[in-house]
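I am attaching a structure below and will ask some questions about it afterwards.
The values are calculated or read from the model by the stated rules, or taken from the named source; none is laboratory data. These figures come from a predicted structure and were not determined experimentally. FYI the Cβ positions are ideal-geometry reconstructions off the backbone, even for glycines, and counts take in every protein chain you see. Surface accessibility is based on the protein's heavy atoms, side chains included, excluding ligands, DNA and RNA. Shrake-Rupley method; radii C 1.70, N 1.55, O 1.52, S 1.80 Å.
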Amino acid sequence: MKKLLSLLPHLSIALTLALTVLVILDVYNPMLGLLRGRPFLILFFLSALAALGTALLAWLGERQG
Amino acid sequence: MNRTPKRIALTLLADLLLAALILGAAAGAQLFPARNRAPAAPPEPTATPEPVPETSPTPEPVSEPEPTATPDLRTPWQIRFADQFTEETVITENSYTSPQVAIHISTIQTGEGAKTVTYHLADIHIASLDNFRTRTAHGTMEYFDTQDLMEMDAESHAILAISGDFMLYQDRGFLVRNGEIYHQDQTWWDLCVLFEDGVMETYRRDEYSVDELLERGVAQAWNFGPALLDREGHAMDSYETSAAVGYPNPRSAIGYYEPGHYCFVLVDGRQEGYSRGMLLPELAKVFEELGCQRAYNLDGGGSAVMTFLHERYSRQSNGADRPLGDLLLITEEGWEDRR
């Protein structure tokens, strides 16, 4: 479980990078519809969950420290 | 490098690789879902046709036919633009005239050196909307399908054609082709509608209701844009589009003067010294100066192409044709046999 939780920040980094690239691509070619499909929504929620998890871990770690 | 920084670098690299994998999967899933997708549903019927009243049992007295005048079988547009049409089909390298279609193409060059711009203007008069058609790749609605340009051009019997709005890449919006309705959602961008009476209108995404449009009778509806002219026929102040507006590019666009009279404009681009392409405000200015009432930008870049008499008329930016999703075209029955 601890190992799994330690992966959360990395997942958060990766998902945020992927989302950022999608947003930049959409600015240049919105006709691709990259931000309108189900894949984007899934990615967005995964990213939000990963970010939330990472933030909680950081907060708990800070309190324990 | 000691162990810790090396480990950090490797971890970040792993994160980057993971990001690339996720990005690839997400973009792939969005862009190439077609293989398992069912073919597009047949167009929904818009309204039940009203029953035709039965003929009256008591026949009206038949009046004697007038001895002289032969009936004028011309369409209203043939009468209105009589000076544009010819009795026989006449074809030159940049014009086509017949009793139903009149096309005159002129190539205009402006600017000098690196700022040279070349565009082709096709002035179009038609006898009826049957002469103004659209065609999708392979004539079907297969999502993300494309077809070789010249193949599509030949199969659609186009006299004149330009690239469309890449409709097969659009899974929503308000899409109508040749009277058939494929999607009935609000669009994300400006909309262009060619009504069955030949009037063309452009709308911002919050300016219309799909039901009202359908009630009026829609022949074609394009989702790309942006609209280039305002309601007074002046170039727009701002455009509902992406950052690509900031660069000169090859462009294709359609203009509207009045029912039966339209124009296609194809701007060559990305070829320094011949044509750098146009910015959208420059393209809008062209339509304003032509005196069009409405104008609408279509698919540009490497997709922008004009064909005439089954030959490529514009000069492709990368030298080769890109397979396309759809075309706007002017045609008439049996014209190839009369060449």
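Within the set of other residues whose C-beta is less than 11 Å from the C-beta of B:L309, count the net charge using Lys and Arg as +1 and Asp and Glu as -1.
-2
Decide, for segment A:2-64, between rounded, prolate and oblate: order the square roots of the alpha carbon gyration tensor eigenvalues as a ≥ b ≥ c, take rounded if a/c falls under 1.5, and otherwise choose prolate if a/b is larger than b/c, else oblate.
Prolate, because a/c is 1.5 or more and a/b exceeds b/c.
Let me ask something else. Going by alpha carbons, how many degrees (0 to 90, nearest 10) lie between the helix axis of B:280-290 and the longest principal axis of chain B?
Between helix and principal axis, roughly 20 degrees.
Here is a follow-up. Residue by residue through segment A:9-26, which ³J(HN,Hα) values in whole Hz follow from phi under the Karplus form 6.51 cos²θ - 1.76 cosθ + 1.60 (θ = phi - 60°), with glycine and proline marked x?
x, 5, 4, 4, 4, 4, 5, 5, 4, 4, 4, 4, 5, 4, 5, 5, 4, 5
Once you order the gyration tensor axes a ≥ b ≥ c over the Cα atoms, which shape class does the protein assembly as shown get: rounded for a/c under 1.5, otherwise prolate or oblate by comparing a/b with b/c?
Here the protein assembly as shown falls in the prolate category.
Also: Tell me the mean residue ellipticity at 222 nm calculated for chain B from its helices only (DSSP H runs of n ≥ 4, each -39500 (n - 2.57), averaged over every residue, nearest 500).
The helix-only estimate for chain B comes to -5500 deg cm²/dmol at 222 nm.
Counting only residues 5 or more places away or on other chains, whose amide H sits under 5 Å from the amide H of B:M306 once H atoms are built in the peptide plane?
Sorted by chain and number, the residues that satisfy this are B:Y313, B:S314.
What's the average, rounded to a whole number, of partner chain beta-carbon atoms within 10 Å of each residue's beta-carbon in A:39-47?
3
Also: Please state the shape class of segment B:230-314: rounded when a/c is under 1.5, otherwise prolate if a/b exceeds b/c and oblate if not, all from the C-alpha gyration tensor.
oblate
Right, next: Percent of accessible area on the protein assembly as shown owned by carbon and sulfur, 1.4 Å probe?
In the protein assembly as shown, the share of accessible area belonging to carbon and sulfur is 57 percent.
Ratio of chain B's C-alpha Rg to 2.2 N^0.38 Å, to two decimals?
Here the Cα radius of gyration is 1.20 times the empirical estimate.
Going Cα to Cα from A:K2, which lysines come in below 30 Å? Please leave out same-chain ones fewer than 8 positions away.
B:K6
Would you mind pulling out the separation of the Cα centroids of segment B:173-208 and segment B:278-314, in Å?
19 Å
Going Cα to Cα from B:K115, which aspartates and glutamates come in below 15 Å? Please leave out same-chain ones fewer than 8 positions away.
Cα-Cα hits under 15 Å: B:D268, B:E272, B:E282.
Under a 5 Å amide H to amide H cut-off, with H placed in plane at 1.01 Å, what residues pair with B:M278 once short-range neighbours are removed?
B:N249, B:R251
Quick one: what are the phi-derived ³J(HN,Hα) couplings along segment B:71-77, Karplus 6.51/-1.76/1.60 with θ = phi - 60°, whole Hz, x for glycine and proline?
x, 7, 8, 6, 6, x, 6
Right, next: Between A:E62 and A:F45, what is 0.36 nm times their sequence separation minus the Cα-Cα distance? Round to one decimal in nm.
My answer for the length gained is 3.6 nm.
A follow-up question, please. Residue by residue, what Karplus-based ³J(HN,Hα) values in Hz, rounded to whole numbers, does segment B:215-224 have, using 6.51, -1.76 and 1.60 with θ = phi - 60° and x for Gly and Pro?
Using θ = phi - 60°, the values come out as 4, 6, x, 9, 8, 9, 9, 10, 10, 7 Hz.
Can you give the angle from 0 to 90° between the axis of helix B:3-31 and the longest principal axis of chain B, with both taken from C-alpha atoms, to the nearest 10?
Value to nearest ten degrees: 10.
Now for a separate question. What total accessible surface area, summed over both chains, is buried at the interface between chains B and A, computed with a 1.4 Å probe and given in Å² to the nearest 100?
2000 Å²
Follow-up question, since we're still on this one. Accessible area per residue of segment A:2-64 at 1.4 Å probe, in Å²?
Normalised by residue count, the accessible surface of segment A:2-64 is 66 Å².
So, one more: Per residue, how much accessible surface does chain B expose to a 1.4 Å probe? Answer in Å², no decimals.
Averaged over the residues of chain B, the accessible area is 51 Å².
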